[in-house]
Amino acid sequence: MESIAPLVLTPGEPAGIGPDLAVVLAADPPPVPLVVVADRFLLAERAKLLGRDLALVDYRRERQVTAQPGRLTVLHVPLAAPSRPGRLDASNGHYVLATLDRAIAGCQAGEFSALVTGPVHKGAINDAGIPFSGHTEYLAQKTGTQRVVMMLTGGGLRVALATTHLPLRAVADAITAEALEQTLRILHADLVRRFGITEPRILVAGLNPHAGEGGHLGREELEVIGPVLEKLRAERLRLVGPLPADTLFTPRVLAQGDCVLAMYHDQGLPVLKQASFGHGVNVTLGLPIVRTSVDHGTALDRAGTGEVDAGSLRAAIDLAWRLALREAAAARGAART
Ligand SMILES: NC(=O)C1=CN([C@@H]2O[C@H](COP(=O)(O)OP(=O)(O)OC[C@H]3O[C@@H](n4cnc5c(N)ncnc54)[C@H](O)[C@@H]3O)[C@@H](O)[C@H]2O)C=CC1
Ligand SMILES: NCC(=O)COP(=O)(O)O
């Protein structure tokens with residue numbers, strides 16, 4: 001195994017399935033060094049509840065991180081209040097962000113090579129009095145990045161979003177020429193740099209039914225999306241669209257692209273999740289650090305039951321490791337030149 005810094009995992013909402021997933025993962029760990037940032041007593045309790053043996057290694061004492069069955073290396077961050085599976089408690093909202101902050105700081109400092117996030121409950125964090133839309137927006141803010149792009153990958157698809165966690169009412173106003181151009185530039189650049197696709201072909205969805213039907217069902221395609229695509233095509237970006245979203249996700253059209261850019265969350269993600277739920281990965285593009293995440297939420301109904309599928313977490317760890325190795329190789333190449 002190539003030697004780069006360990007990955008860091010935040011299990012997320014303590015009342016959700018994140019702690020369960022960390023416990024399940026430890027039984028059959030992926031072959032990469034991994035540090036879990038969480039309350040160690042929470043993990044120990046969840047392991048007990050699930051009837052699993054789990055040895056917790058204190059990261060602060062033992063910096064040598066190895067993957068061994070039945071062991072988890074834990075960087076302890078204390079809960080604010082005891083947590084029970086399935087029972088949200090807003091007083092732990094700050095805990096969730098404290099785990100993220102520690103992990104992000106470690107990635108920025110080179111202590112960790114990539115961040116893998118478990119699911120957080122956006123409502124619980126907001127109920128703690130902290131405005132929070134999602135990891136994607138939080139990571140942009142914490143790293144001082146003006147714009148990032150959410151992309152999910154799974155089931156042979158890559159689906160990126162032009163807007164992320166917005167009320168539907170706000171979506172059309174958020175799709176400005178400037179925002180869309182920046183999004184497409186980030187998507188193109190990261191498909192090249194992080195995913196090794198030399199000339200990525202991006203299929204861009206329209207916003208309105210039938211991509212606006214020539215302006216009769218909405219004008220964003222004519223006034224915003226089309227002109228941005230024209231401008232970037234002149235720079236040799238391979239962009240197709242704006243395409244009617246209802247037929248974009250058919251095999252014949254998908255075969256013509258490497259990635260889809262959907263205009264909003266529920267235009268793109270249901271298709272991706274239908275194709276790969278439980279095995280997909282959410283990756284944030286445009287960040288100065290590598291970050292991947294599970295494709296699912298907190299599944300409060302399953303926390304503490306043992307009925308959880310760790311497939312998406314495993315896929316997120318695998319992708320984070322591969323992206324981190326690529327980053328390290330690129331950095332070595334740059335240092336040589
Ligand atoms: N990466 C993240 O932080 C994400 C967080 N969320 C948040 O999660 C919360 C709950 O969202 P929902 O819409 O209910 O979606 P959800 O993904 O938590 O649950 C949907 C259904 O899938 C099941 N499920 C989800 N993951 C599973 C797993 N690994 N194994 C077995 N079953 C699983 C659940 O039991 C439920 O029946 C919301 O607050 C949402 O914002 C949602 C998506 C991603
Ligand atoms: N639907 C994706 C989601 O909610 C996760 O978003 P984020 O927390 O990764 O920004």
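Some notes on this structure:
- Fraction of C-alpha pairs exceeding 27 angstrom in the chain: 46 percent, rounded to a whole number.
- In Å², nearest 10: area of residue 190 left accessible to a 1.4 Å probe: 10 Å²
- Highest to lowest packing among 200-213, 98-111, scored as the average C-beta count within 10 Å: 200-213, 98-111
- Cα centroids of region 137-198 and region 245-274: 14 Å apart.
- Estimated dipole of region 146-277 in Debye, rounded to 20 [Cβ of Lys and Arg +1, of Asp and Glu -1, Cα centre]: 460 debye
- With the highest mean first, a sort of the peptides 175-183, 277-285 on other beta-carbon atoms found within 10 angstrom per residue produces 277-285, 175-183.
- Charge dipole (the chain, unit charges on Cβ, about Cα centre) - positive-most of 164, 114, 153: 114
- Within the accessible area of the chain (1.4 Å probe), percent carbon and sulfur: 51 percent
- Dipole-positive endmost among 229, 31, 290 within the chain (Cβ charges, Cα centre): 31
- Computed about the Cα centre, the dipole magnitude for the chain is approximately 820 debye when only Lys and Arg (+1) and Asp and Glu (-1) carry charge, each at its Cβ.
- Packing, taken as the mean count of other beta carbons within 10 Å per residue, orders the peptides 319-330, 45-56 from highest to lowest as 319-330, 45-56.
- Prolate/oblate/rounded call for region 45-140, Cα gyration tensor, a/c under 1.5 rounded: oblate
- Length available on full extension from residue 101 to residue 336: 0.36 nm per residue minus the Cα-Cα distance, which gives 81.3 nm.
- Length gained when the stretch residue 145-residue 63 is fully extended (0.36 nm per residue, less Cα-Cα span): 26.5 nm
- Relative contact order of region 78-178, defined on C-alpha pairs under 8 angstrom at six or more residues apart (%): 17 percent
- Region 146-277 - accessible surface per residue (Å², probe 1.4 Å): 48 Å²
- At R0 = 56 Å, FRET efficiency that the Cβ-Cβ distance of residue 28 and residue 234 yields, to 0.05: 0.65
- The convex hull drawn around the Cα atoms of region 161-296, when projected onto a plane and averaged over every direction, covers 8.3 nm².
- Each Cα pair under 8 Å and six or more residues apart adds its separation to the average, and for region 131-239 the resulting relative contact order is 18 percent.
- Measure of compaction for region 91-179 (Cα Rg per 2.2 N^0.38 Å): 1.21
- Cβ-based charge dipole, the chain, positive-most Cα from 189, 281, 323: 323
- When only Cα pairs below 8 angstrom with a gap of at least 6 residues are kept, the chain shows a relative contact order of 22 percent.
- Inter-part distance, region 303-329 to region 77-104, computed on C-alpha centroids, equals 21 Å.
- At an R0 of 45 angstrom, the distance between the Cβ atoms of residue 301 and residue 252 translates into a FRET efficiency of 0.75.
The values are calculated or read from the model by the stated rules, or taken from the named source; none is laboratory data. None of these values were measured; they are calculated from a predicted model. Glycine gets a Cβ as well: all are built from the backbone with ideal geometry, and neighbour counts include every protein chain shown. We work out accessible area using only protein heavy atoms, side chains counted, and drop any ligands, DNA or RNA first. Shrake-Rupley method; radii C 1.70, N 1.55, O 1.52, S 1.80 Å.
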